[in-house]
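Accompanying notes for the structure given below.
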Amino acid sequence: MAITVGDKVPVGTLKIAASDGIEDVSTDEIFRDKKVVLFAVPGAFTPVCSAQHLPGFIAKASEIKAKGVDAIVCLSVNDAFVMDAWRRAQNAGDDVVMAADGNAEFTRALGLEFDASSFGMSVRAQRFAMIVDAGEVKGLYIEEPMKFEVSSAEAILEKL
């Protein structure tokens with residue numbers, strides 16, 4: 001069962017690259033007492049994710065944060081090393097937190113996984129975005145397969 005508006009974000013652990021290595025970060029730490037925009041991509045370095053989804057949030061980061069958002073988090077079922085390499089390749093700096101869910105545990109807890117085995121990618125996160133305030137989902141925007149409309153930075157800006 002997929003998470004819905006009004007639900008609390010499940011507790012889990014994500015991995016984030018830091019200057020001194022890979023850190024485990026609790027989702028409670030990410031979302032507690034903060035307003036967060038989390039968006040998920042099926043994979044780092046994939047076409048739509050690299051050409052549109054992540055770049056949109058990088059470009060609109062200051063506008064999004066001006067709406068009272070404390071953090072923008074990009075989630076993918078990739079490892080933290082890949083997420084860090086993608087952050088550097090996209091010149092994301094510190095505007096977007098690149099969160100790795102390598103085993104898809106958090107993605108499964110959200111109920112927003114899909115089987116991408118036909119693409120040779122195993123289990124991945126669906127493309128979606130959510131607005132979370134103090135750990136509660138206030139907005140959830142899940143893309144239809146092969147679409148990129150409701151989870152873009154521009155679409156989220158309109159919802160904030």
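Values in this text are rule-based calculations from the coordinates and carry no lab data. Predicted model, so just to flag it, every value in this text is computed and none were measured. Neighbour counts are summed over all protein chains in view; Cβ atoms, including those assigned to glycine, are modelled from backbone coordinates with ideal geometry.
Each residue of the stretch 6-11 was assigned a 3J(HN,Hα) from its phi angle through the Karplus curve 6.51 cos²θ - 1.76 cosθ + 1.60 (θ = phi - 60°); the sequence is x, 6, 7, 5, x, 7 Hz, with glycine and proline shown as x. Summing Lys and Arg as +1 and Asp and Glu as -1 over all other residues whose Cβ lies under 15 Å from the Cβ of GLU149 gives a net charge of -1. Once the convex hull of all Cα atoms in the chain is built, its volume per residue stands at 102 Å³.
Count Lys and Arg as plus one, Asp and Glu as minus one, and take only other residues whose Cβ is under 15 Å from that of GLY93; the net charge is then +1.
Under the criterion of Cα pairs below 8 Å and six or more residues apart, the relative contact order for the chain equals 31 percent. Report the net charge of residues surrounding ALA109, where surrounding means a beta-carbon distance below 13 angstrom and charges are Lys +1, Arg +1, Asp -1, Glu -1. That works out to -3.
Report the residues of the stretch 1-37 in range of a label on ARG108: point 7 Å along Cα→C-beta, backbone N strictly under 18 Å from it. Taking a point 7 Å out along Cα→Cβ of ARG108, the residues of the stretch 1-37 whose backbone N falls under 18 Å are 1-3, 10-15, 27. Backbone phi angles across the stretch 148-160, fed through the Karplus curve with coefficients 6.51, -1.76 and 1.60 (θ = phi - 60°), yield HN-Hα couplings of 8, 9, 8, 10, 6, 4, 5, 5, 5, 4, 5, 7, 6 Hz in residue order; Gly and Pro are listed as x.
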